[in-house]
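A quick write-up on the structure given underneath.
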Amino acid sequence: MAGKETLRAGCKLARPVLSTDYCEAHRRVMSLYRAYYRFIPYIVKHFDIPKNEENCREKIREYFYRNACVTDLRVIDILVIKGFINLKEMTHMWQQKGHVMAHWHSTNEPKPCDFVGKFLANLD
């Protein structure tokens, strides 16, 4: 009897945050992506950043591709919620220029870990 209870307790399903399936989560991600794309001209104009719209598009694309391997629906939903919160802070001008410019740090390329990779990296 105790074995069934522990098995049942260990196999509880986590309730979804927002999305019930992957298609719905993908739809939310794409709506966030479109919202950022629509707001790019205002970011460049209102925050007076020294980047053009194409640089902003590349940076947004990089942020979304960084999390492309995430498959857990709950994690996807939390990332979408955080993205919408960040976008709302930008639209209401609650973030300052420094907050927006902090996203433009250089993209870190992973350093090679194996011997051949390190050797070839030093040849450049």
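The values are calculated or read from the model by the stated rules, or taken from the named source; none is laboratory data. This structure is a prediction, so every number in the text was calculated from the model and none was measured. Methodologically, a virtual Cβ is constructed for each residue, glycine included, from the backbone with ideal geometry; neighbour enumeration extends over all protein chains shown.
Taken over segment 23-57, residues that are polar (S, T, N, Q) and at pLDDT 95 or above amount to 1.
Hand me the list of helices (runs of 4 or more DSSP H) wholly inside segment 30-124 holding 3 or more residues that are touching a Ser or Thr at 6+ places or on another chain (Cβ under 7 Å) and surrounded by fewer than 14 Cβ atoms within 10 Å (Cβ to Cβ). So that I can check it myself, show each step before the final result.
Details: elements: 53-66, 73-91, 97-101, 115-123.
Output list is empty.
Selection within segment 13-29: residues that are in a loop (DSSP other than H, G, I, E, B) and among the charged types (D, E, K, R). The member of this set that is farthest from the chain's Cα centre (by Cα) is ARG15.
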